[in-house]
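Novice: Mind having a look at this structure? Questions to follow.
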Amino acid sequence: MHIDSERHCRHLDDRHRHWAIALVTGLLCLAVGLEGHAHGVDDNTRAFLEGSTGVHVGPFLYIGARHMLTGYDHLLFLVGVLFFLYRARDVFLYVTLFTVGHSLTLLFGVLANIGANAWLIDAIIGLSVVYKGFDNLGGFQRLFGRQPDTRLAVLIFGLFHGFGLATRLQAFGLPEEGLLSNLIAFNVGVELGQLAALTIILLALNVLRLLPSFQRIAVVTNTLLMSAGMMLVGYQLTGFFNFA
Amino acid sequence: MNASPQDNQPIGIGTLMKAALIAAVIAAATLLVVILPAEFNVDPTGLGKKLGLTVLAEGKTKVPADALAQTNQTASPEPVSMSDVPDPIDEAGAKTSELIEVIVPGGSGIEYKFQMEQYAQMTYQWITDGAPLEFDLHGEPAGDTTGYFESYVVASATTVRGSFTAPFDGSHGWYWKNTSDQEATVTLEVEGRFEVIGLK
């Protein structure tokens, strides 16, 4: 190992590089294996939600956590946000901004019964992924000479992510009885799921950052992030025009 | 404070444009050939069908009447033809008949529903080609937000016939669950007063 004094980062020599690649690949396989959904709620959850009344903190906590861990549009945005955040306090700041954003609209959206179109909201969430990939590539700086305030962008897109969570929950007509408790449990669950996702993402990023070819990996990854975001937008808009 | 990507070596505008273009091309190709055919049966290039993906979204296709007769011959209980079942009382609107093919992918469940007014009647017969399917013939009241639904029949079978009268305005129909790993096809014949909603 040698230390690059300018960047205070260490590069892996060949021996460790293979382990790093294996670890990242393994984590990615785990993430993919968790089977993302963009709109669906599986049969068991549907059956539970349709049949239940009253307060069920445990189940909603779990459903919230699983929702975040299998919501690949949310996860992709998180990857983009965290990609170039090196300091713990920056990670904390941006995650808090995202959390405040999505919690506000999750609670407001469900309690005020906002009838937002799920396809359109999810298309905007897809757009947030495209934005982040582009921003990570320095696109705004290059193209427009200035970069939009990332903190504000994360907060505002967070609001849309929250509406996306809300529409998902609303689709199953939660009973009025116990709604607030169940909703808060769901929100806490989402945050727990986010915490778990954060840990995995940061672990993977920190391994990638040690690779000597990280610059190139960064360009490739953020290009793919933009592409994934575009696919999300295309999919959601098609759904909107066909089914809304 | 912003953690700027410029902390790293900034990439030139040429690389940026190339990256954006590659991203767009990959997205467009994947959407047109894989995602839209599989999810929505939207296949502008026709390649989705060639790859066999459109079957995943082909929830509803019209099947000629003799196809139903063919499947009837291989079923064990002799199904009754629709004309043997007494006509429902024709209240206001005309009676509709539909012959529908619904695909239930292996290991999953789907819903197929009809919009019906209160006291509208539907006569039905369905048959599946493979293993018995668990099903729930049920109705959800229009405008309901409590998640309430009424199950008229819950069972597991390869073929069922009968009729029901909708107890309330709303969406009525089947939830079929395929517990095998082979795709199952349900051929459903319905007659009565309804509007097809389709797959939900």
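Novice: Identify the residue in segment A:129-149 that is in a helix (DSSP H, G or I) and either of a type in the set (A, V, I, L, M, F, W, C) or under 17 Å from A:Met68 (Cα atoms) (or both) and, among all such residues, is most open to solvent (accessible area, probe 1.4 Å). Spell out the reasoning first.
Specialist: To start, the set of residues in segment A:129-149 that are in a helix (DSSP H, G or I) comprises A:129-136, A:139-144.
Still in the running and either of a type in the set (A, V, I, L, M, F, W, C) or under 17 Å from A:Met68 (Cα atoms) (or both): A:129-130, A:134, A:140, A:143-144.
On the way: A:Val129: 0, A:Val130: 28, A:Phe134: 30, A:Phe140: 37, A:Leu143: 74, A:Phe144: 132 Å².
So the residue we want is A:Phe144.
Novice: If you don't mind, another one. Tell me, yes or no, whether segment B:153-160 has at least one residue that is within 19 Å of B:Lys95 (Cβ to Cβ) and either touching a residue at least 40 places away in the same chain (Cβ under 8 Å) or open to solvent by 30 Å² or more (accessible area, probe 1.4 Å) (or both).
Specialist: No, segment B:153-160 contains no residue that is within 19 Å of B:Lys95 (Cβ to Cβ) and either touching a residue at least 40 places away in the same chain (Cβ under 8 Å) or open to solvent by 30 Å² or more (accessible area, probe 1.4 Å) (or both).
Novice: Continuing with this model, one more query. Out of B:Ala120, B:Ala142, which single residue is within 30 Å of A:Leu169 (Cα to Cα) and more than 18 Å from the chain's Cα centre (by Cα)?
Specialist: Values: B:Ala120 fails: within 30 Å of A:Leu169 (Cα to Cα).
One residue alone meets the criteria, B:Ala142.
Novice: Return a yes/no flag: does segment A:115-133 have any residue that is over 30 Å from B:Gly14 (Cβ atoms) and more than 21 Å from the chain's Cα centre (by Cα).
Specialist: Yes, some residue in segment A:115-133 is over 30 Å from B:Gly14 (Cβ atoms) and more than 21 Å from the chain's Cα centre (by Cα).
Novice: While we're looking at this one, here's another question. Go through segment A:114-125 and give me each residue that's of a type outside the set (A, V, I, L, M) and buried (at least 24 other Cβ atoms within 10 Å of the Cβ).
Specialist: A:Asp122, the sole residue that qualifies.
Novice: So is A:Gly71 open to solvent by less than 60 Å² (accessible area, probe 1.4 Å), of a type outside the set (D, E, K, R) and at pLDDT 65 or above or not?
Specialist: Values: open to solvent by less than 60 Å² (accessible area, probe 1.4 Å): yes; of a type outside the set (D, E, K, R): yes; at pLDDT 65 or above: yes.
Against the criterion (open to solvent by less than 60 Å² (accessible area, probe 1.4 Å), of a type outside the set (D, E, K, R) and at pLDDT 65 or above), A:Gly71 qualifies.
Novice: Any chance segment A:196-204 includes a residue that's modelled with pLDDT of 95 or more, within 18 Å of A:Val91 (Cα to Cα) and more than 14 Å from the chain's Cα centre (by Cα)?
Specialist: Yes; the residues of segment A:196-204 include at least one that is modelled with pLDDT of 95 or more, within 18 Å of A:Val91 (Cα to Cα) and more than 14 Å from the chain's Cα centre (by Cα).
Novice: Moving on to the next point. Under 9 Å between Cβ atoms, which residue pairs at least 6 apart in sequence (or on different chains) link something in segment B:37-56 that is open to solvent by less than 30 Å² (accessible area, probe 1.4 Å) with a partner that is of a type in the set (Asp, Glu)?
Specialist: Listed pairs, sorted by first residue: B:Pro37/B:Asp43; B:Thr54/B:Asp43.
Novice: Check every one of the helices (runs of 4 or more DSSP H) wholly within segment A:150-244 and list those with 2 or more residues that are at the interface with chain B (Cβ under 9 Å from one of its Cβ atoms), of a type in the set (Ser, Thr, Tyr) and in contact with a helix residue (DSSP H, G or I) (Cβ under 8 Å, 6 or more places away or on another chain). I'd like the intermediate steps shown before the answer.
Specialist: On the way: elements: A:150-170, A:179-210, A:214-243.
Once the helices (runs of 4 or more DSSP H) in segment A:150-244 are filtered for at least 2 residues that are at the interface with chain B (Cβ under 9 Å from one of its Cβ atoms), of a type in the set (Ser, Thr, Tyr) and in contact with a helix residue (DSSP H, G or I) (Cβ under 8 Å, 6 or more places away or on another chain), what remains is A:214-243.
Novice: A further question on this structure: Cβ-Cβ distance below 6 Å, separation of 6 or more or different chains: which pairs start in segment A:173-187 with a residue that is touching a residue at least 60 places away in the same chain (Cβ under 8 Å) and within 18 Å of A:His67 (Cα to Cα) and end on one that is of a type in the set (S, T, N, Q) and crowded, with 17+ Cβ neighbours inside 10 Å?
Specialist: The qualifying pairs are A:Asn187/A:Ser103.
Novice: Just to be sure I understand, how many residues within segment A:210-227 are aliphatic (A, V, I, L, M) and buried (at least 23 other Cβ atoms within 10 Å of the Cβ)?
Specialist: 2
The values are calculated or read from the model by the stated rules, or taken from the named source; none is laboratory data. Since the structure is predicted, the reported quantities are computational estimates derived from the model, not experimental observations. Glycine also receives a Cβ, built like all others from the backbone with ideal geometry; neighbour counts cover every protein chain displayed. To get the accessible areas, we keep the full protein, side chains included, count just its heavy atoms, and leave off ligands, DNA and RNA. Shrake-Rupley method; radii C 1.70, N 1.55, O 1.52, S 1.80 Å.
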